[in-house]
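Colleague: Here it is: the structure, laid out below.
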Amino acid sequence: MRKVMLFLFICFLASCSDDNEPVLVDNSIPQGAFNVQRIGPFVDQNGAGSAGTASLGTDSQGTSFLAFDQLFRTALATGTVTVFLSTSETFMPDPANGNPNLLLLGPVRNAGINFFRIPDGTNTSKYTHVILWCGSVGVPFGYAAIR
């Protein structure tokens, strides 16, 4: 038993080192200051209770993000509320051809502050709206005109 304890103690000491651990940067949230370029309030649709503000901007590294403020809310019970940038307030999918007027950003995870990283190289100037789309029931839960 003493040999086992001694072995474990030596292993413990050997595993400790002064090496600095690499710092991992979470690229799903803005780094440094977030510079808002366009902003707009959510308009509720289909009684989903959508509210809050959407902001499109860049962080201090020049990475583009869509951000929802702390007052953001929508019906999340369906678990499938997805965020799109769009050229209009109307969701018009075209699965066979892809829709150049829609940019899928991802699912909403929670009420309050949310960030959605815009894919590198995306020109966001043509997108004028943020759409909250509930795929499970096939209806919009809200939109925000970003100006």
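Colleague: Find the Rg to Rh ratio for the stretch 32-145, where Rh is the Kirkwood radius over alpha-carbon pairs and Rg uses the same atoms.
Modeller: Radius of gyration relative to Kirkwood radius: 0.94.
Colleague: Report ³J(HN,Hα) in whole Hz for each residue of the stretch 61-67, in order, from the Karplus equation J = 6.51 cos²θ - 1.76 cosθ + 1.60 where θ = phi - 60°; Gly and Pro get x.
Modeller: 8, x, 7, 8, 9, 9, 10
Colleague: N46 to N110: extension gain in nm, 0.36 nm per residue of separation minus the Cα-Cα distance?
Modeller: Roughly 21.1 nm would be gained on extension.
Colleague: Would you please give the residues with an amide H less than 5 Å from that of I146, counting only those at least 5 places away or on a separate chain, with H modeled from the backbone geometry?
Modeller: It is H129, V130, by chain and number.
Colleague: I'd like to compare 70-78, 126-134: which one has the highest average count of other Cβ atoms within 10 Å, and what's the full order after that?
Modeller: So the peptides 70-78, 126-134, ranked by packing, come out 126-134, 70-78.
Colleague: Here's a follow-up. At 0.36 nm per residue, minus the direct Cα-Cα distance, what do N99 and T122 gain on full extension? Give it in nm, one decimal, please.
Modeller: Contour length minus Cα-Cα distance gives 6.8 nm.
Read the figures in this text as sums done on the coordinates, not as results from a lab. Please read these numbers as outputs of a predicted model, since none were measured by experiment. Note that each Cβ is placed from the backbone with ideal geometry, even for glycine, and that neighbours are counted across all protein chains shown.
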